[in-house]
1. On a 0 to 90° scale, report how tilted helix 50-68 is relative to the longest principal axis of the chain, with both axes built from alpha carbons and the result rounded to the nearest 10.
2. Probe of 1.4 angstrom, ligands and nucleic acids ignored: what's the accessible area per residue over the chain, in square angstrom?
3. Enumerate the whole-percent occupancy of each 10 Å bin, from 0 to the last occupied one, for all C-alpha pair distances of the range 60-130.
4. Mean residue ellipticity at 222 nm from the helices of the chain, using -39,500 (n - 2.57) per DSSP H segment of n ≥ 4 over the full residue count, to the nearest 500 deg cm²/dmol?
5. Please find, in a Gaussian network model of the chain (springs between Cα atoms separated by less than 10 Å), the residue of Q103, Q54, Q36 whose mean-square fluctuation is greatest.
6. I'd like the carbon and sulfur percentage of the solvent accessible area for the range 8-67, probe radius 1.4 Å, heavy atoms only, ligands and nucleic acids excluded.
7. Need one number for the chain: average projected area of the convex hull over its C-alpha atoms, nm².
8. Angle, helix 89-99 long axis vs. longest principal axis of the chain, Cα atoms, 0 to 90°, nearest 10?
Amino acid sequence: MSNPDRKVITSGKAPKAIGPYSVAIRTGNLVFTAGQAGLDPATGELVSGGVAAQTRQVLTNLKHVLEDAGSGLELAVKTTVFLVDMADFPVMNGVYAEFFPGQPPARTTVAASGLPKGALVEIEVIALPK
């Protein structure tokens, strides 16, 4: 049974899902994204340059997904960051701050023993629609 209030979001500017999930769902007054890794949308491969480059690509991918959902990073209310190595936290945090100046969303950062495709960082977002 389908729910007319539940809309699956796709994005031509972000990587496609690499499994049986949607890149985002818009329902009611919220947009939920799947976790994004630092994949180049054109190649489907991780960007080079370590955790800084991957974090920048993750947040760029999320920006595009949220825009395609009728939202934006400025409307994010909660993020969850998964890091393979918590020693990368300061670098990730510095790049993250560039994308969320002013009043950033609530955030949880979790150490993960591994991420898809060998990613160093993955981030998911809950945001309000415009």
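The values are calculated or read from the model by the stated rules, or taken from the named source; none is laboratory data. This is a predicted model, so every value here is computed, not measured. For accessibility, only protein heavy atoms count, side chains too; no ligands or nucleic acids. Shrake-Rupley method; radii C 1.70, N 1.55, O 1.52, S 1.80 Å.
1. So the inclination is approximately 10 degrees.
2. On the way: 6740 Å² over 130 residues.
Per residue, the chain has an accessible area of 52 Å².
3. Once binned at 10 Å, the Cα pair distances of the range 60-130 give 20, 51, 27, 3.
4. Result for the chain: -7500 deg cm²/dmol, rounded to the nearest 500.
5. Looking only at Q103, Q54, Q36, the largest GNM fluctuation is found for Q103.
6. C and S fraction of accessible area: 55 percent.
7. Details: hull surface 31.8 nm².
Across all orientations, the chain yields a mean hull projection of 8.0 nm².
8. Here the helix axis deviates by roughly 40 degrees.
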